[in-house]
There are 2 protein chains.
Amino acid sequence: MTRAIPTTNRSLPIALLRAREKVMGPIRNMLHDVDITEQQWRVMRVLQERHAAEPTKIAEEACLLLPSLTRILQKLEEKQLIVRARDEKDRRKQVVKITDAGRALIEANLPTSIALLEDVRRQMGSERYEALLDLLNELDAIDG
Amino acid sequence: MTRAIPTTNRSLPIALLRAREKVMGPIRNMLHDVDITEQQWRVMRVLQERHAAEPTKIAEEACLLLPSLTRILQKLEEKQLIVRARDEKDRRKQVVKITDAGRALIEANLPTSIALLEDVRRQMGSERYEALLDLLNELDAIDG
DNA sequence: TCTATTTGCTAAACATGTTAAGTAATAGGG
DNA sequence: CCCTATTACTTAACATGTTTAGCAAATAGA
């Protein structure tokens, strides 16, 4: 039984894109007021959870490519939200840490960020929200 | 019952991002051989289905912002994959059409594109794949 | 009909996405 | 120990994402 060519509303890549826009729109608005981008926010969140991390690990967790992360870390350093040092045990690596100012910025905005996601969860219903997360993680786990 | 702050693997924005990367990776590789970007491909797909469309509609269907679309249409026009004309009934608008060369490019690559998505579908299972699409569309339909 | 507003698109500026190439430090094998 | 390959990042170049501003055409009222 052959399926027809999918139109945009039944195309997985576009459905993923639209869903992400729906979720990120309000969060981006919030971050805009603090003059920080969505990607910078993701990096800060990772550093808040791990306290210190090397760029490769940050990139993996924040779902960023290293060239993008390089520029982002430069900007976060300029804003004095993070500090960087060379790893003395392996001088190819770096140790990135969040500063007090960075932690303060996270703590000031995390409640709103969580509330916005809670709103999505409430509108979808907890069960379907969790089911969606499960399916997305399952998709991420396939071969590729 | 309060939930803990979500870690990255349980964060909806990042889960959407990772899932999209998983799906688009192979498709991007395919398009790279034809020297066309993922976004240019989306625009071409819309034009193939509608034959003629105005930029605002294309942007909506391909999930692009108008400033991005402006540049993309300029490049597709240079590549002679589309043609543009002013709409004589409303001279603010344009009429964008796909050329024969554009249609040929789509037809040469669509089977592979579909096969790659079929592969994802097979690995996830049809039911879960469809369930994922339903949940994504449901997410897109909430208030925001 | 005149003007204020809206609509459709473009331009500009800055940030990131993506690929390819480059550099320095480390690891591995002979 | 030397040479090669690998790893961790950086740089560069081009394309898109995102916001703001701008322009011309059309529309809505007064």
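Remarks
- Cleavage-rule hits, trypsin sites (Lys or Arg not before Pro), the range B:52-96, DSSP coil, Cβ neighbours within 10 Å at most 11: B:K89, B:R91, B:R92
- Across chain B, Cα-Cα distances exceeding 27 Å account for 34% of all pairs.
- Relative to the Cα centre, the charge distribution of the protein assembly as shown, modelled as +1 at Lys and Arg Cβ and -1 at Asp and Glu Cβ, gives a dipole magnitude of about 620 debye.
- Taking the longest Cα principal axis of chain A as reference, the axis of helix A:66-78 is set at about 50 degrees.
- Legend: mean number of C-beta atoms from other chains within 10 angstrom of residue C-beta atoms, peptide A:59-67, equals 2.
- Inter-label distance for B:K57 and B:K93, nm, one decimal - labels placed 7 Å from Cα along Cα-to-Cβ: 0.7 nm
- Look at the dipole of chain A built from charges on Cβ: of A:L69, A:A101, A:V120, the Cα furthest out on the positive end belongs to A:L69.
- With label points set 7 Å from Cα along Cα→Cβ, the inter-copy distances at B:H32 are 3.3 nm, sorted shortest first.
- Karplus-derived HN-Hα couplings along the range A:17-25 (A = 6.51, B = -1.76, C = 1.60, θ = phi - 60°), whole Hz, x at Gly and Pro: 5, 4, 4, 5, 4, 4, 6, 7, x
- Principal-axis tilt of helix B:126-141 within chain B, Cα atoms, nearest 10 degrees: 70 degrees
- Per-peptide average of other Cβ atoms within 10 Å, ordering B:14-22, A:124-132 highest first: B:14-22, A:124-132
- The protein assembly as shown: radius of gyration and largest Cα-Cα distance (Dmax), Å: 21.1, 70
- Taking each DSSP H run with n ≥ 4 as -39500 (n - 2.57) and averaging over every residue of the protein assembly as shown yields -22500 deg cm²/dmol at 222 nm.
- Computed E for B:T70/A:A85 - FRET, C-beta separation, R0 41 angstrom, nearest 0.05: 0.40
- Given charges at beta-carbon only (K, R positive; D, E negative), |dipole| of the range B:20-141 in Debye: 480 debye
Just so you know, all these numbers are worked out from the coordinates, no wet-lab data involved. Only a predicted model underlies this, so the values are computations on that prediction, with no experimental measurement involved. Positions of Cβ are backbone-derived with ideal geometry, glycine not excepted, and every protein chain shown enters the neighbour counts.
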